[in-house]
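Trainee: Mind looking over this structure? Questions follow.
A short reminder: the numbers here are calculations on the coordinates, not readings from a lab. Predicted model only: the values in this text are computed from it and were never measured. Counting neighbours? That spans all protein chains shown, and the Cβs are built from the backbone with ideal geometry, glycine included.
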Amino acid sequence: MEWALFSQSGVEFLLRWGHFLGGVSWIGILWYLNFSQGPFMNDVDATVKTAVNAKLAPRTLWYFRWGAMLTFLTGWAIIGMRMSTPGGAELLYTSWGVTILTGALFGSVMWFNVWFVIWPRQKKIIAAAQGGPAVENAPAVARRAFLASRTNTLLSIPLLFLMAAASHLVIAVNPACVGLWFLILIAVVALIEINALVATNGATTKPIEKVKGVVHMGILLTVVLYVLLEVLL
């Protein structure tokens, strides 16, 4: 008797299951932080904010960052398995390859923001709320974490579209144009990420400052990417 899980396709299925579990934890908490907890924190006094940062934030951010790690590792493991099969490199020039690698690029930038921008700063804020040393230049530290989180929320909307499109939306691909697509994509993602890491105030932050704005910009980015996929490829 052969068990389906004890095969290469079974291993890929388990990785995909882990990818789903990590993604639900990661994106679910990301949206909770941006859509619910963030606005709540703007409307409460300092005592409540300190309690949230000291008691709730450590638990929430544990699941948040490790959900991101699980999603990142399993996602790239799936891509690696697919690409390592005979003829796997040719997948790059298919609808699946283009959409899944585009989504993977978005997800990797988001993972970087979680582990190397958001979490290091939130860790300082949590430590201060728990009685540790005060955070030097606290408003700037919190602002950078906020903009990185807003950027991840923006990217999560096209990310989910692309992940679904990989298996459920076939896009005609001209292999000769795939390189151009990824050059344009990298430039767009780089501009968005530079804004997250450098901008503080001004026109570049206004579209993602509010919940409504970041949702609208995420949907707009998704539409633009889809149109470019169809036109360029």
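Trainee: Wrap a convex hull around the Cα atoms of the range 1-134, take a quarter of its surface area, and give that in square nanometres.
Mentor: Over every viewing direction, the Cα hull of the range 1-134 projects on average to 10.9 nm².
Trainee: In degrees, nearest 10, range 0 to 90: what is the angle between the Cα axis of helix 57-84 and the longest Cα principal axis of the chain?
Mentor: 10
Trainee: Mind listing the phi-derived Karplus ³J(HN,Hα) values for the range 105-112, rounded to whole Hz, using 6.51, -1.76 and 1.60 with θ = phi - 60°, and x for any glycine or proline?
Mentor: Calculated HN-Hα couplings, in order: 5, 4, x, 5, 5, 5, 4, 4 Hz.
Trainee: Turning to a different aspect of this structure: Using a 7 Å offset from the Cα along the Cα-to-Cβ direction at both LEU14 and LYS49, what is the distance between the two label points in nm, to one decimal?
Mentor: If labels sit at LEU14 and LYS49, their model points lie 4.6 nm apart.
Trainee: Compute the angle between helix 8-32 and the longest alpha-carbon principal axis of the chain, please, reported from 0 to 90 degrees and rounded to the nearest 10.
Mentor: For helix 8-32, the angle is close to 30 degrees.
Trainee: I'd like to compare 202-208, 73-79, 108-114, 39-45: which one has the highest average count of other Cβ atoms within 10 Å, and what's the full order after that?
Mentor: 108-114, 73-79, 202-208, 39-45
Trainee: Need the full-extension length gain, VAL189 to ALA4, defined as separation in residues times 0.36 nm minus the C-alpha distance. One decimal, nm.
Mentor: 62.7 nm
Trainee: Say each of GLU209 and PHE40 gets a label point 7 Å from the Cα, pointing the same way as Cα to Cβ; how far apart are those two points in nm?
Mentor: A separation of 2.5 nm, rounded to one decimal place.
Trainee: Using alpha-carbon positions, what is the distance between the centroids of the range 19-41 and the range 89-122, in Å?
Mentor: 18
Trainee: Going by Cα centres, the range 194-233 and the range 147-185 are how many Å apart?
Mentor: The distance from the Cα centre of the range 194-233 to that of the range 147-185 comes to 13 Å.
Trainee: With an 8 Å Cα cut-off and a minimum separation of 6 or more residues, compute the relative contact order for the range 42-155 in percent.
Mentor: Here the relative contact order equals 33 percent.
Trainee: Next up: Return an integer: the convex hull volume of the alpha-carbon atoms of the range 8-232, in Å³ per residue.
Mentor: Expressed per residue, the convex hull around the Cα atoms of the range 8-232 is 122 Å³.
Trainee: Separate question: Return one number: the angle in degrees, 0 to 90 and rounded to the nearest 10, between the long axis of the Cα atoms of helix 178-198 and the longest principal axis of the Cα atoms of the chain.
Mentor: Around 10 degrees separate the two axes.
Trainee: So what is the relative contact order of the chain, in percent, for Cα pairs below 8 Å that sit 6 or more residues apart?
Mentor: Across the chain, relative contact order equals 23 percent.
Trainee: Given points 7 Å out from each Cα along the Cα-Cβ axis, report the ALA164 to ALA77 separation in nanometres with one decimal.
Mentor: Inter-label distance under the simple model: 2.6 nm.
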